[in-house]
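Only the coordinates and a few stated rules stand behind these numbers; no lab work does. These numbers were taken from a predicted model, which means no experiment stands behind them. Every residue, glycine among them, receives a Cβ derived from its backbone with ideal geometry; neighbour counts consider all protein chains shown.
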Amino acid sequence: MRATWAGCLAVAFGVLWIQGPTRGGEPAPTMPVPPATATPPLPPRVELDPELVEAAKVLTETKERLDKLGKLSEKEAPSSTKALKVVLEDRIALLTAIEEAAKALDEAKNPKKTPESLAAEWKADLERLTTQLKQSAGQPDDLLPSVFRKSTGKVASNAILSEMNEAIDGVRSDLKKWQSRLDKFQSNAARKSAHPLTALQAERDAIQQRVAALPPRQAEREAELADSKTEDERLLATERLVNIGWETRVENERLQAQEAKITLQSKLTDLEVLDQQVCDAHARKAAKTLELMQARFKLLTDRQEDQLKREAASEQALAAKSVDPLERYKSRGKATLLELEAQALKYEKALAASSTPSLEEQTSLANRAITDFENIKRLLDDDLISQLDALRLNNDFRRIGPQRARIESGDLKQAAWWSTHYDNALTSVELDQFNDRRNDEYEHETLLEQIPRSRWPEAKVIFAEHDRQHELLLARNRAVLEKLARRAEQTHAQVVRRLRTLDDQYGFIRTHIFWLRDQEPIGLATLVQAKRETFLVGKSLIRLAQEAGDRRLWGRISVEFVTGLLGLLILVLPLLRLRKRLLRMSGETHRTGAGIVVWRGLLVSIAYSAILPSYICLMAYTARQAAWPRSVAVPIAHVLAMLAPPAFIAGLVRWMLRPRGWAEETLKVPADVTRQLCTTVFALVAAGVPLLLPSWLLSEGWLTPEGRAISSGSLGQILGLVFELIVWGVVFRLARGQSPLMQWLLQFPTRLGWLNKRRRTVCWSVLAAIGGVIVLDAAGYSHSARRLALGAGQGLVVLGICFCVYRMILTAIDHHAWRWIRVGNAQIGIEVPNDSTMPDDLAYRLRQITAYLIPVLALMLAAWIWDVDWALFRFIGSQPLWNIDTATPPVRVGDFAKFALILVLTLAIWKHMSTLFALVVFPRMRDDPGVRFAVVTLCRYIVLGIGLLSGLSAIHLGLEKIGVVLAALGVGLGFGLQEIVSNFVCGIILLLERPIRVGDIVTVSGMTGKVEFINIRATTITNGENLSIIVPNRAFITSDLVNWTLKDKVIRVSIRMKVAHGTDPDRVADLLLNIAREDADVLRNPVPVAFMEDFSDSALNFVLHVHVPEPSLGARVRHRLFAQIQRRFTTEGIEIPLPRHELRVHSGFDSSGRISLTPIEFPRVDSPSRTPPGPKLSAQPAPPTAVEACNRGVDE
């Protein structure tokens, strides 16, 4: 037996210390000899290992040499001192390691408990536990502690209940410990690479590699010693060679220790099954004990709770009968305390019982889910995937989805409810503690006023005792509720942890399952195996036919079979009549109109196509209930049942794609395209039934001759590959350039112009994708190939459904756009305004929205088809992209996706805000287009602001993060952008105060025009020359603004004229009023006004004020009134005076020949014109009324 390191070192050091000289060269002092009476008994003699003694001696010498080298000065030390120190330090480490290896070897060869003793101990423990469990079936009290074995005929005290609670907590902790050990056993069984024996073997292999590398190193050191020239080099090489020898000893010792450990662990591994059985027995005993203890505790607490409630009720009755206020208070207080104690017992009972879901169970399930996930990741990382592992991953993938749904609907909801319940109860108790103090103080003061002062000391003692007990019970309730709330919160956290683990596992498997090979690649061996399976299937069919002909295997005719057979015979004629009736309904539908063709025709086609599949399903039911053997009835019934879907698809396609059918009339598909599609679908159905149906029957094991299922994986693989090749050929025929389908798609250059440019690329990409699926299937990735093929087929169906829905929605929009506007206004009694949203414009915008929504619908359906759910999104979204700073979480893929989605939704709402308001809000508004424009614009900018802030917050850029940017923006606004900001603020003021509206006639900064758009920075107006003028919004706020139509569109037109002196003013005024009334565009209210406003030198000044309904009519009315006034004045003989001029000419000389300053007058009087010139009229005839209305619309 080897000695320990400490003992060996002490013995060696003692021997050296006794024999060796002291530091000063003197002999060692003799040790004093104790008296004989004090001599302790000698320990048993331990046989020392010579290697360890030698190692201890060398260790001491090496340390002394190292100390001597450390004391030498730089001048005294040779040049190799530093390298020699390193060699000696390495030797010390090796000598220490050899002692540790010897200690490990001794522990492995001589463990405290040998495997044999452990096996005997565990077997005895297992027998004892098994006996106790068997006895507990008849005498369950044997498992209970002493406190639970007491008589249950009486009510237990609080101390006993407290002791029971402690015992329950102890048993629950024991159960948790044994359950965790069982989970560890299961984890090690599922994770072979994590087994302790595997780690020991890997470490042994590493030691063997190091041992194998030592001889070459020793040869190098020997060569170095031979080549050394100086004494220092020779000494250094010798010391290094000695180190190699000690290293060899260390590694050999370690190898022996490791082999001993492996041997010991192998024996312990053989005992793992026994250890697991012992742990399982302990867990079952603890669970049984806990169940009995909880039942006994519930019985006692229920009994005590009932007694407390009865005592509380009696105290309440006593308080009602009592006359003395103090006695009545005592009775009520005691009843309150009893009720609180009963409530505390109720909570303690809930704490002692196992909750549903329980914390221990959810923790175990969460840990197990994490372990399974780690095993799956380790399995995929090690590239140790077998066909069985691939099948297990497929099963896990199918299992996780329903399991997650059950957890969300069951455990998660229950855990959340219990957590909320106990939190609310705890909050209620805390509020009671706060409120009861104030209520008690008020009640005490009131009671003291009702009793004499001599009883106040007694009352105060009663008050203090009641308050003390009340506080104790509330504290007891609070403590128990805190434990319950903590347990419920931990349970909810474990459920969430388990659910998140399953989500991550689902996403991980989903991203890796496509690259798992779960079958052998198709080769010569596969073809040979398929040939054998074909002969086997043929023999199985022959045996099935023999079983069907054997009358001894037939059963009795059942009622279900007779019922099904009668149904088959009776329903033939009614179903044929129903088919004819549906055909007639198809003709009636075709004659009724487009709106009914869309929906009623679709329903009729579905009903027509479902007749034959329903009859086939009835045949399958009848075949299943027939009297022939089950091995014959089951495959026939399943074959008939699987024929129903192809029959339905063929009937539906035939109905929809028939000549002048639903596809041609509703979807506007050409006849040659419908014929090609119909032929394609029938070819696929005809190829799929004989190829896929046998493969499905064989894979499900429905062929069971003589009760044994026939499996043929290679034959099913070959049949599936043949069908995939047929699909590739069919798609190739559809994608050709001469295909009617491609020719029809190329007729849409506006929507499918990219297809015309890249037709060959798209077609070859589709063919390459189908070819890739075929290659995957042939290479053994059958799950990936089938999943891709099934998803592609379902995606094609979804694409067809979305196309049909899109065409039907467009038809409905074209037929009902104007009706929606009329109905929306009629609901509130508003007439349809002239400037309301026109149906063509509304239909165009609705078509745009539909074009956006249909792809979204297609993506949602595609996600449902491919089983894409939040688990995969969470797995992808949790991947980090970049870090903003150390204090902020990293921006992940999910955050960036939220940012992009928010921006897209914001832009979509911005663009289609007017359409949404036109459908929902505007038909119910009693206002003009200006109000509508203002509402839409304000809502757009509000949505834009909210969308930008939400998008920035999604990528962790809140207001606190962009404060620097906002500060810099503020500086820029104060200097360079103040004009833009001013116009922005003025635009908001214009939209809120509405001094101008869209359609108003305004005059600003000397410009007059009609307001077309009010944007956030500038406003667009159009003048009379049809020029668009961009006016900054600031000009409408800071300068003088004239809004001709702010109140209404009625404006006043003033006509000023002059008549000659002497004309009757009343006559002129009446004439002007008559002229104004005769004009059709002049309003009667306000009434026209005509009066003389001034005297001038040569005429009387008159003015005519009229009002017109539209500003655009002002110039036209003015022209007509002036022309009419001219004509009527000429007819009535009213003179329109012209200006009078006098010319004075000086002759320059008088009669004496001198210069004269007297002017010579030559009067010249222009006679007034009696017939003023008429207006210049074109020789063209007057425009028609329609042209005049069109001109008026242009002016508007």
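Using only Cα positions of the range 238-278, each an equal point scatterer, no hydration layer, compute I(q)/I(0) via Debye at q = 0.18, 0.19, 0.22, 0.26 Å⁻¹ and quote the log10 values to two decimals.
Each listed q maps to, in turn, -0.61, -0.63, -0.71, -0.80.
Can you put MET1057, MET656 in order of Cβ neighbours within 10 angstrom, beginning with the fewest? All intermediate terms of the calculation are to be shown ahead of the outcome.
Working: MET1057 20, MET656 24.
Final ranking by Cβ density, sparse to dense: MET1057, MET656.
Can you find, among ILE726, THR526, THR666, the residue farthest towards the positive end of the dipole of the range 524-780? Put +1 on the C-beta of Lys and Arg, -1 on that of Asp and Glu.
THR666
At a Cα cut-off below 19 Å, give the lysines reachable from LYS1047, other chains included and same-chain residues fewer than 8 away excluded.
Partners found: LYS1010.
At what distance in nm do the modelled label points of LYS377 and GLU203 sit from each other, each positioned 7 Å from its Cα along Cα→Cβ?
Modelled inter-label distance: 2.5 nm.
So if I take the alpha carbon set of the range 269-413, get Rg, then get Rh from the Kirkwood formula, what is the Rg over Rh ratio?
1.29
Roughly how many whole Å is it from the C-alpha centroid of the range 1049-1091 to that of the range 503-559?
103 Å
From the backbone phi of the range 1058-1065, what are the Karplus-calculated ³J(HN,Hα) couplings (6.51 cos²θ - 1.76 cosθ + 1.60, θ = phi - 60°) in whole Hz, Gly and Pro given as x?
Couplings: 10, 10, 6, 4, x, 7, 6, x Hz.
Efficiency by 1/(1 + (r/R0)^6): what FRET value for LYS68 and LYS229, r their Cβ-Cβ distance, R0 = 30 Å, to the nearest 0.05?
Values: r = 25 Å, r/R0 = 0.84.
Rounded to the nearest 0.05, the efficiency is 0.75.
Between LEU536 and TRP764, what FRET efficiency follows from the Cβ-Cβ distance if R0 is 56 Å, with the result rounded to 0.05?
The pair LEU536/TRP764 has a calculated efficiency of 0.85.
Output the direction-averaged projected area (hull surface divided by four) of the convex hull of the alpha-carbon atoms of the range 111-322, in nm². Each step should come with its number before you reach the end.
Values: hull surface 88.7 nm².
The orientation-averaged projected area of the Cα hull of the range 111-322 comes to 22.2 nm².
Take the Cα coordinates of the range 524-780, assign each an equal point scatterer, and use the Debye formula without solvent to give log10 I(q)/I(0) at q = 0.09, 0.10, 0.13, 0.15 Å⁻¹.
-0.60, -0.73, -1.04, -1.17
Hey, what's the Kirkwood Rh for the range 355-516 if you take every pair of different alpha carbons, in angstrom? Walk me through the numbers before you get to the answer.
Details: mean 1/r = 0.0496 Å⁻¹.
Result for the range 355-516 stands at 20.1 Å.
Return the subset of LYS109/LYS285; LYS85/LYS112; LYS85/LYS229 for which the Cα-Cα distance in this structure is over 29 Å, preserving the input order.
Cα-Cα > 29 Å for LYS109/LYS285; LYS85/LYS112; rest within.
Please go through the residue pairs LYS334/LYS460; LYS177/LYS349; LYS63/LYS103; LYS377/LYS413 and name each one whose alpha carbons sit more than 25 Å apart in this structure.
Over 25 Å Cα-Cα: LYS377/LYS413.
Which one of ALA1090, SER1112, ILE1125 has its Cα pushed farthest toward the positive end of the charge dipole of the range 1063-1144, where Lys and Arg give +1 and Asp and Glu give -1 at the Cβ?
SER1112
Could you compute the FRET efficiency for LEU578 and PHE896, with r as their C-beta to C-beta distance and R0 at 56 Å, rounded to 0.05?
Details: r = 56 Å, r/R0 = 1.00.
Step by step, r from the Cβ atoms, then E = 0.50.
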